[in-house]
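What follows is a short report on a single structure.
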Amino acid sequence: MSTRKYRGFGLVAIGAVAGVLLSAGVTAVAQRGSPLPLDELRQLTNVFGAIKDNYVEPVDDKTLIQNAISGMVSNLDPHSAYLDADAFRDMQTATQGEFGGLGIEVGAEDGFVKVISPIEDTPAARAGILAGDLITKIDDTPTKGMQLNDAVKLMRGAPKSPITLTIMRADQPQPIVVKLVRDIIKVRSVRSKMLDDGTAYLRIAQFQEKTGPDMARQLRELGAKGAPKALVLDLRNDPGGLLTSAIGVSGAFLPNPQDTLVVSTDGRTPDARHKYMAKPSEYARGEGDYLADVPAWAKTVPMVVLVNVGSASASEIVAGALQDHKRAKLLGNRTFGKGSVQVILPLSQDTAVKLTTSRYFTPLGRSIQATGIVPDYIVADTAKGDLFRLPREADLQRHLSNQQDANEIKSAGFDNSEPVAKIFEFGGKEDFQLQQAQNLLAGRAVDKGTQRQAKADAKPDAKDGKPGSDAQRMKITPSGVEPSQSK
């Protein structure tokens with residue numbers, strides 16, 4: 001998206017449901033030369049009048065207009081939406097990384113509220129809520145048919161106040177009742193540490209306003225006692241966030257970033273077509289050029305990026321850029337597959353429309369929409385198999401098609417008869433994929449774990465053109481594997 005005409009827009013590269021925004025300052029978008037559809041607008045006003053005069057109960061004008069806007073936008077694609085005052089405020093708050101609640105990213109599936117991902121070190125994560133859980137009750141209120149925004153409002157609340165969630169889990173025959181206490185959720189988007197073998201570990205949980213500067217600071221701290229010999233960037237279960245942050249994070253690891261393409265966007269209007277280099281004008285929003293003092297080792301040491309089905313949007317932009325430029329090897333599972341960018345168009349001081357305006361492409365021109373990025377090394381979540389059960393972009397209703405590849409990748413599933421893999425902490429001692437990243441960096445053999453993948457999803461081996469084991473796809477969600485040819 002061009003930052004010239006859309007300078008006031010919030011460019012957002014978000015995951016399946018969770019959205020964050022860059023502050024925006026436009027109040028309207030003029031029609032671009034198209035005549036107004038007078039007959040259709042007359043129909044709209046006729047319906048408005050009929051409801052006002054004849055509906056069984058009075059409905060105020062504001063509610064009718066908001067409902068009309070919401071219906072108009074929500075039927076476009078899964079990421080376009082009308083943001084009422086509460087949703088707009090939540091979006092602004094999420095960008096800053098602090099809000100009150102339980103700490104879960106949620107979406108809608110089959111009329112229920114579905115957990116997309118628990119946020120690390122929050123009440124939800126500590127209570128053992130897992131990605132893929134269906135929330136069937138919030139306290140005593142059933143969620144069947146509930147609007148997602150209404151469910152979020154019920155789960156938000158004053159810190160220290162209790163709440164009870166009833167959840168259904170794919171491998172459990174009976175509902176699970178979880179009692180939690182709300183807290184101030186401070187999403188720490190960047191974590192880092194040095195591993196025992198001299199490898200630097202950097203995890204980004206979400207792309208927020210301060211992600212870039214925090215990352216740069218932690219890279220300096222990691223190298224304070226001498227340059228690490230290797231680097232692991234962990235983007236697993238990162239649902240995305242700000243496009244500007246993704247550009248800055250990518251630039252931290254690319255040699256000559258200001259002359260290197262990170263991502264390009266393409267849409268119907270000239271303003272939606274843009275090539276993003278890692279220049280301060282593209283990633284710095286009041287923080288200054290935070291990449292100016294990134295240590296040199298970050299651009300040269302051997303590097304592995306960890307991704308999985310929960311790596312979406314901004315995460316996929318970073319992973320795609322580093323893979324295309326051969327700066328890093330990707331290890332883990334195929335990513336979510338969200339290849340579109342949204343802008344935030346304020347309608348008033350406290351309402352807005354989130355609108356999909358462009359598709360994005362990796363530096364080599366790949367669209368990952370509804371297909372995702374295939375890692376260089378396919379490795380299961382755990383040694384015993386995959387753990388995370390998430391819907392993919394291709395599973396969402398009205399998702400955009402991939403204009404380059406018709407073979408969409410939907411969610412794959414677990415057989416309920418299979419043993420359930422043990423939950424683990426990203427970056428912890430039982431993190432199997434991190435262990436394999438360390439093996440790869442040290443030149444040791446990579447253990448792929450228990451694989452149950454579709455053969456058609458394997459990449460050709462470079463030597464003989466036959467499916468190679470390094471690129472086979474494993475199961476990842478509750479509803480079975482769907483074979484697909486990847487290009």
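The values are calculated or read from the model by the stated rules, or taken from the named source; none is laboratory data. Values in this document were obtained by computation on a predicted structure and should not be read as measured data. Positions of Cβ are backbone-derived with ideal geometry, glycine not excepted, and every protein chain shown enters the neighbour counts. In case anyone asks, the SASA skips ligands and DNA or RNA and just uses the protein heavy atoms, side chains included. Shrake-Rupley method; radii C 1.70, N 1.55, O 1.52, S 1.80 Å.
Laid out as a table, the results:
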item: Residue 64-residue 289 FRET efficiency (beta carbon distance; Förster radius 51 Å; 0.05 resolution); result: 0.60
item: Bridge type composition, the stretch 305-430 - antiparallel percent by DSSP, nearest 5; result: 60 percent
item: Simple label model, 7 Å out from Cα along Cβ direction - residue 99 to residue 264, nm; result: 3.5 nm
item: The stretch 246-295: C-alpha pair distances exceeding 14 Å, %; result: 49 percent
item: Of all accessible heavy-atom area on the stretch 237-297, the percent that carbon and sulfur account for (1.4 Å); result: 49 percent
item: By average C-beta atoms within 10 angstrom, highest first, the peptides 160-173, 316-329, 121-134, 47-60; result: 316-329, 121-134, 160-173, 47-60
item: 5 angstrom amide H check on residue 262, placed H, neighbours 5+ away; result: 276, 277, 278
item: Local electrostatic count, residue 358, Cβ distance below 10 Å [Lys/Arg +1, Asp/Glu -1]; result: +1
item: Partner aspartates and glutamates for residue 179 [C-alpha distance under 14 Å; skip if fewer than 8 residues away on the same chain]; result: 139, 140
item: Too-long pairs where the Cα-Cα distance tops 30 Å, listed order kept, from 193/384; 210/448; 62/354; 210/299; 153/210; 114/299; result: 210/448; 114/299
item: With every protein chain in place, the stretch 308-376: carbon and sulfur % of accessible area (1.4 Å); result: 52 percent
item: Three-way shape call for the stretch 268-359 based on the alpha-carbon gyration tensor, with the a/c threshold at 1.5; result: oblate
item: Cα→Cβ-extended label distance, 7 Å offset, between residue 50 and residue 158, nm; result: 4.6 nm
item: Per residue accessible area of the stretch 187-315, 1.4 Å probe, in Å²; result: 34 Å²
item: Accessible area of the stretch 75-147 divided out per residue, in Å², using a probe of 1.4 angstrom; result: 41 Å²
